[in-house]
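Q: One structure, as structure tokens, below. Some questions next.
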């Protein structure tokens, strides 16, 4: 079996946890460009973990400007087998209140200005995204949310918008009519790229507000959001510790094949593949390219 390397991608605070030892910040180069930041590599009771600040440690990168391909590529280079995304969202459902955690299972991608695949001209590949979240990882995350006492919900659909502006009332109502549960700016194309890189992926959407559809909330209230964000960050730290305590030290095989997503995905014949693209894919697709 493969040894587990647990990855986290999200905001600040997690890398300050005193329980995590042997911390070191490491710059990892990527052929896909500059990632958001260095990665923090550490250990917890024999479990290797890798943390990447999605917006940089100074939160100086907007959702649109994040180099999602470089981020996933360097996590793969660090050996990450299971990746947990932590992100702030607005709620589109009354029952998902500020301070709640929603463990996602589906996405609708409305982003328009982002590179969404490692593949393309020179090597075409198609991976399945019918179920973008690894179900076993999702269940572990949800159980950990429950055990630390955070009001949490299993399964939810995330509407990924471009940003960086918040949406209009008409957009919020449209997303609600589609049956979406939360709205955010960062999980796409992150989840798609994690699947292409054969990394099991799960996401915790941390609710900060009711977006602008709620008649008693109106426009998004930034000071209130910041207060909820602070509480959510504390709960996220507790969640990370619980996962580190309970996560299997050997990577469990994904029941839907997230960790084998490229098995039959490459369409381009070997003799027609672009050498320069192949070189860039050495980490992401190395398992199948070497085979």
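The values are calculated or read from the model by the stated rules, or taken from the named source; none is laboratory data. Here the structure is a predicted model, which is why all the values come from computation and not from measurement. Note that we place each Cβ from the backbone using ideal geometry, even for glycine, and neighbour counts take in every protein chain shown.
Q: Is it fair to say residue 73 is farther than 16 Å from residue 184 by Cα, touching a residue at least 24 places away in the same chain (Cβ under 8 Å) and within 15 Å of the chain's Cα centre (by Cα)?
A: Working: farther than 16 Å from residue 184 by Cα: yes; touching a residue at least 24 places away in the same chain (Cβ under 8 Å): yes; within 15 Å of the chain's Cα centre (by Cα): yes.
So residue 73 fits the description; yes.
Q: Then there is this: Exactly one of these conditions fails for residue 247: (1) surrounded by fewer than 16 Cβ atoms within 10 Å (Cβ to Cβ); (2) over 30 Å from residue 122 (Cβ atoms); (3) under 20 Å from the mean Cα position of the chain (by Cα); (4) at pLDDT 95 or above. Give me its number.
A: Going through (1) surrounded by fewer than 16 Cβ atoms within 10 Å (Cβ to Cβ); (2) over 30 Å from residue 122 (Cβ atoms); (3) under 20 Å from the mean Cα position of the chain (by Cα); (4) at pLDDT 95 or above one by one, residue 247 breaks only (1).
Q: Out of (1) at negative phi; (2) in contact with a helix residue (DSSP H, G or I) (Cβ under 9 Å, 6 or more places away or on another chain), the odd one out for residue 43 is which?
A: Single failed check for residue 43: (2).
Q: Among the residues of segment 112-120, are any in contact with a helix residue (DSSP H, G or I) (Cβ under 8 Å, 6 or more places away or on another chain) and outside any loop (DSSP other than H, G, I, E, B)? Let's see the steps before the verdict.
A: Of the residues in segment 112-120, the ones in contact with a helix residue (DSSP H, G or I) (Cβ under 8 Å, 6 or more places away or on another chain) are 114-120.
Retained after the next criterion (residues that are outside any loop (DSSP other than H, G, I, E, B)): 120.
Checking segment 112-120: at least one residue is in contact with a helix residue (DSSP H, G or I) (Cβ under 8 Å, 6 or more places away or on another chain) and outside any loop (DSSP other than H, G, I, E, B).
Q: Among the residues of segment 192-233, which ones are surrounded by fewer than 17 Cβ atoms within 10 Å (Cβ to Cβ) and either under 30 Å from residue 127 (Cα atoms) or modelled with pLDDT of 90 or more (or both)?
A: Across segment 192-233, the qualifying residue is only 231.
Q: Moving on to the next point. Quick one: how many residues across segment 158-178 are surrounded by 19 or more Cβ atoms within 10 Å (Cβ to Cβ) and under 26 Å from residue 261 (Cβ atoms)?
A: 4
Q: Residue 36 - would you say it is surrounded by fewer than 16 Cβ atoms within 10 Å (Cβ to Cβ), modelled with pLDDT of 95 or more, over 13 Å from the mean Cα position of the chain (by Cα) and outside any helix (DSSP H, G or I)?
A: no
Q: When you go through 94, 6, 104, 86 one by one, which is the residue that is in contact with a helix residue (DSSP H, G or I) (Cβ under 6 Å, 6 or more places away or on another chain) and touching a residue at least 60 places away in the same chain (Cβ under 8 Å)?
A: Every option except 86 fails the conditions.
Q: Out of all the residues in segment 96-116, is one or more farther than 30 Å from residue 169 by Cβ and either surrounded by fewer than 18 Cβ atoms within 10 Å (Cβ to Cβ) or in contact with a strand residue (DSSP E or B) (Cβ under 7 Å, 6 or more places away or on another chain) (or both)?
A: yes
Q: Select from segment 123-143 the residues that are touching a strand residue (DSSP E or B) at 6+ places or on another chain (Cβ under 9 Å), within 25 Å of residue 208 (Cβ to Cβ) and assigned to a helix (DSSP H, G or I) and list them in ascending order.
A: Result: 137, 138, 139, 140, 141, 142.
Q: Residues of segment 257-267 being assigned to a loop (DSSP other than H, G, I, E, B), in contact with a strand residue (DSSP E or B) (Cβ under 9 Å, 6 or more places away or on another chain) and over 15 Å from residue 290 (Cα atoms), which ones?
A: Just the residues of segment 257-267 that are assigned to a loop (DSSP other than H, G, I, E, B), to begin with: 257, 261-265, 267.
Filter once more, keeping what is in contact with a strand residue (DSSP E or B) (Cβ under 9 Å, 6 or more places away or on another chain): 262, 265, 267.
Listed by number, the list holds a single entry, 267.
Q: I've got another one for you. Select, from 41, 84, the only residue that is in a strand (DSSP E or B), at pLDDT 95 or above, more than 17 Å from the chain's Cα centre (by Cα) and surrounded by 18 or more Cβ atoms within 10 Å (Cβ to Cβ).
A: Step by step, each of 41, 84 is checked, and only 41 is in a strand (DSSP E or B), at pLDDT 95 or above, more than 17 Å from the chain's Cα centre (by Cα) and surrounded by 18 or more Cβ atoms within 10 Å (Cβ to Cβ).
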